[in-house]
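A quick write-up on the structure given underneath.
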Amino acid sequence: MTGVKLKNQILDVTPINYVRDPLSKDDVLCERILIAGLSRWRLSSYSSAYRISWVPSAVIPDRLLGKIQICFHKNSSLGLCQCEHDAWKNLQKKPWNSVMSPYEDRILDVKFVGGLSGPVTVTIEEDIQRWRLLFLAFGIMLLFMAPIVSSWVPFYYSSSMAIGVCLVIIVLLFQGLEMAVSVYMLGLMAL
């Protein structure tokens, strides 16, 4: 199994493993690429995400890109190209992209159907998302302000009013949906 990680950001792969496809009973070419995550002890990557890109070679004509399927999953107990039928995604004319946490390991299965073959390029890059650091700072600030806010009387009134308004809206939505379902069922019974 080949792998890609931040130290080895670009990987060119040519699927060469023949596998019998249980759904179509055809032989397909498959390859599995392991995308290795970081250790949870690396807190410097807290605000990051991995952006995975998958691009077929220019040798493969655009009209045959629909015969290339990919499955992006976490289940390492699955065999090569054994994803569920609805987990496979056909490649379109544009490159495939996905985002994942930097702390998890994921698997990318590539399947070429119909005698198609050729190389593909998998790249990984770290995408720093600064908004996560802002939310962390805001949460820490709220944590330190909790003793002050909890002894503030207007906070109790305003928060209880906000919770009450949200509960009333939820109840009204539930009753409205329940009434819409009963009207729909009565309409079906009238037919």
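The values are calculated or read from the model by the stated rules, or taken from the named source; none is laboratory data. In this text, all values refer to a predicted model and were calculated from it rather than measured experimentally. Reconstructed Cβ throughout: ideal geometry from the backbone, glycine too, with neighbour counts over all protein chains shown. We work out accessible area using only protein heavy atoms, side chains counted, and drop any ligands, DNA or RNA first. Shrake-Rupley method; radii C 1.70, N 1.55, O 1.52, S 1.80 Å.
Points to keep in mind about this one:
- With all protein chains kept in place, the per residue accessible area of the stretch 67-165 amounts to 65 square angstrom at a probe of 1.4 angstrom.
- Loop sites in the stretch 89-191: trypsin sites (Lys or Arg not before Pro), DSSP, at most 11 other Cβ within 10 Å: 93
- Karplus 3J(HN,Hα) series, Hz, for the stretch 185-191 with 6.51 cos²θ - 1.76 cosθ + 1.60 (x for Gly, Pro): 5, 5, x, 5, 5, 6, 6
- Inter-probe distance in nm under a simple model that places probes 7 Å from Cα toward Cβ, at residue 135 and residue 156: 3.1
- FRET efficiency, 1/(1 + (r/R0)^6) with R0 41 Å, evaluated for residue 173 and residue 148 via beta carbons: 0.75
- Normalised convex hull volume, the stretch 27-133, alpha-carbon set, Å³ per residue: 109
- For the stretch 48-191, with +1 on Lys and Arg beta carbons and -1 on Asp and Glu, the positive-most of 136, 59, 85 along the dipole: 59
- Averaged over residues, the count of other Cβ atoms within 10 Å places the peptides 38-47, 168-177 in the sequence 38-47, 168-177, highest first.
- For the listed peptides 71-82, 148-159, a ranking on the average number of other beta carbons within 10 Å per residue, highest first, reads 71-82, 148-159.
- Between residue 189 and residue 117, the simple spin-label model (points 7 angstrom out along Cα→Cβ) gives 6.4 nm.
- FRET efficiency estimate (nearest 0.05) - Cβ-Cβ, residue 12 to residue 101, R0 25 angstrom: 0.50
- The local environment of residue 51, defined by Cβ-Cβ distances under 13 Å, has a net charge of -2 under the rule Lys, Arg +1 and Asp, Glu -1.
- Sparse packing (at most 15 other Cβ atoms within 10 Å of the Cβ) combined with a DSSP loop state is found for the following GluC sites (Glu not before Pro) in the stretch 49-131: 84, 104.
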